[in-house]
1. If you take the residues of segment 123-140 that are farther than 25 Å from residue 208 by Cβ and loosely packed, with under 12 Cβ neighbours inside 10 Å, which of them is modelled with the lowest pLDDT?
2. If you take the residues of segment 132-168 that are charged (D, E, K, R) and under 18 Å from residue 187 (Cα atoms), which of them is nearest to the chain's Cα centre (by Cα)?
3. Which condition number in (1) out of contact with any Leu (no Cβ under 9 Å at 6 or more places or on another chain); (2) more than 24 Å from residue 98 (Cα to Cα); (3) among the hydroxyl-bearing types (Ser, Thr, Tyr) is the one that residue 201 fails?
4. Take segment 60-99 and flag every residue that is loosely packed, with under 12 Cβ neighbours inside 10 Å, among the hydroxyl-bearing types (Ser, Thr, Tyr) and more than 14 Å from residue 122 (Cα to Cα).
5. Here is a check on your reading of the model: is residue 82 within 26 Å of residue 209 (Cα to Cα) and not in a loop (DSSP other than H, G, I, E, B)?
6. Looking at the structure I just gave you, is residue 167 modelled with pLDDT of 95 or more and within 20 Å of residue 77 (Cα to Cα)?
7. Being in contact (Cβ under 8 Å) with a residue 12 or more places away in the chain, surrounded by fewer than 19 Cβ atoms within 10 Å (Cβ to Cβ) and of a type in the set (Lys, Arg) is the requirement here; does residue 178 meet it?
Amino acid sequence: MSQDQIQAPHPARQKCPNCGLVNSSADEACRRCGVSLLEQAEPIAARELPVVRPKKRTILKRVTWILGTTGILLIIFYVSLLLSSEGLSSDQREKVDHAIALLRARGFSTEAFTLNRLTSFRSTDNWLNAYVGHHDAYAATNFPFEMVTLYPEFFETPVDDCERAAVLLHEARHLLGKGEDDALEYTWKSKQQLGWTTEKYRQTKVWDATMRLTKSRFPYMFQCGYDQQQDCL
């Protein structure tokens, strides 16, 4: 064989980590001290590769993900309420607008703004109201979705815009996150400011129903007069 020919490479050798003796690649143990050489057979490239650890999510990213997911679910829920109910007719919307305008004129600016700018009015029950059910009422509120369902009685039973304003004032308290007791108490205590007075409305169905319900919840407001059963406000 000429010198120009390429010579075959020497077989890979293994250096003993204990005594330093260079052994052949076929040896499984050091020829001098007998230490196992199998652990040294791991490829160098594999030993030199850095360990890549998955990055952990920061608290900010987790909070952002939770808020984003919650927001999407709330939007889907709200849209489902809208799609499963019907809006107001033009005549119904006009009556609602007149009642809201009266509330604003009588000094209930917060409630009027909430009803006029933030509220979606519906004329039929959405799937949630239909599932939960409700007692005989003029309206029903879905908080915090700022949705008010106005039943036919709301447009037919009140004698004028003032009585419809009283019903909307009650619902506005729910839209602001208040409970039934707060809505009843606030509306009854505000009736003088609203112009919904005993002298003019005591014979109406809305007045009678509201008075009975309020009296059952707040008897202290009806312990005046000669018989201790008259309205103190």
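The values are calculated or read from the model by the stated rules, or taken from the named source; none is laboratory data. Just so you know, these numbers come straight off a predicted model, no measurement behind them. Quick reminder, even Gly has a Cβ in these numbers, built from the backbone with ideal geometry, and neighbours come from all protein chains shown.
1. Among those that are farther than 25 Å from residue 208 by Cβ and loosely packed, with under 12 Cβ neighbours inside 10 Å, it is 132.
2. 164
3. Against the list (1) out of contact with any Leu (no Cβ under 9 Å at 6 or more places or on another chain); (2) more than 24 Å from residue 98 (Cα to Cα); (3) among the hydroxyl-bearing types (Ser, Thr, Tyr), residue 201 comes up short only on (2).
4. Selection gives 69, 70.
5. No, not satisfied.
6. Taking the combined requirement at face value, the residue does not satisfy it.
7. The answer is no for residue 178.
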